[in-house]
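Engineer: Quick one: structure below, then a few questions.
The values are calculated or read from the model by the stated rules, or taken from the named source; none is laboratory data. In this text the structure is predicted, and so the values were computed from the model without any measurement. When we count neighbours, we look across all protein chains shown, and the Cβ atoms used for this are built from the backbone with ideal geometry, even at glycine.
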Amino acid sequence: MYNFKKMNFCLLSIALYILLNACTYNKGETPVPVNRDVRYSVDVKPILVTHCFKCHSDTATNPDRPGYAFFNHFDEIQGEALKVSTANPNYTVLIARLKHIESPGMPFQETPLSDSLIQVIQDWVLIGAPNN
Ligand code: HEC
């Protein structure tokens with residue numbers, strides 16, 4: 001014999017599952033297609049030179065706290081680009097700092113970069129932060 005109560009509960013569960021997924025889908029950030037042609041040397045590095053090198057390089061004019069990453073060493077920027085953020089595991093430290101998800105946000109005590117500049121760096125992270 002069928003157990004109709006059980007079956008109703010089952011159908012209700014499925015309906016609820018679909019409904020919940022429909023509601024949560026696409027909430028938050030709108031997915032932007034990744035630009036897989038992004039280049040470190042051409043697209044990313046100039047942004048870092050302009051906005052970050054004054055502190056994050058070993059020739060920095062403002063290395064007010066020794067010990068933080070020097071981005072003129074590729075392995076150090078790549079390390080931050082690939083390290084998972086403790087503030088939100090969906091982001092790496094570099095992106096979490098740029099998006100002010102991890103504190104202090106970067107650039108340090110300055111206005112955040114524009115969304116389009118952050119997107120360039122995020123695309124590069126998403127293709128694996130290569131030295132290209
Ligand atoms: C005015 C100086 C300054 C500028 C400009 C700056 N930073 Fe920082 N950055 C710091 C300091 C100081 C810390 C350490 C802060 C802490 O975590 O307590 C830091 C930490 C970081 C960290 C965490 C890893 C580490 O080195 O400790 C990342 C990633 C980072 N910055 C990325 C950037 C990026 C990307 C830019 C450019 C968009 C930038 N920063 C611009 C001063 C700066």
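Engineer: Can you name every residue in the stretch 74-104 that is touching a helix residue (DSSP H, G or I) at 6+ places or on another chain (Cβ under 6 Å) and of a type in the set (G, A, S)?
Structural biologist: A81, S85, A87
Engineer: Follow-up. Name the residue, out of V84, V120, that is hydrophobic (A, V, I, L, M, F, W, C), without any contact (Cβ under 8 Å) to a residue 60 or more places away in the chain and away from the ligand (no atom under 11 Å from the Cβ).
Structural biologist: The conditions single out V84.
Engineer: List pairs: first in the stretch 42-60 and closer than 16 Å to S114 by Cα, second of a type in the set (V, I, T) and not in a helix (DSSP H, G or I), Cβ under 9 Å, 6+ apart or cross-chain?
Structural biologist: Close Cβ pairs satisfying both conditions: V44/V38.
Engineer: Taking the options N26, N21, name whichever one is modelled with pLDDT under 95 and not in a helix (DSSP H, G or I). Don't jump to the end; show me each part of the working.
Structural biologist: Values: N21 fails: not in a helix (DSSP H, G or I).
Only one candidate qualifies: N26.
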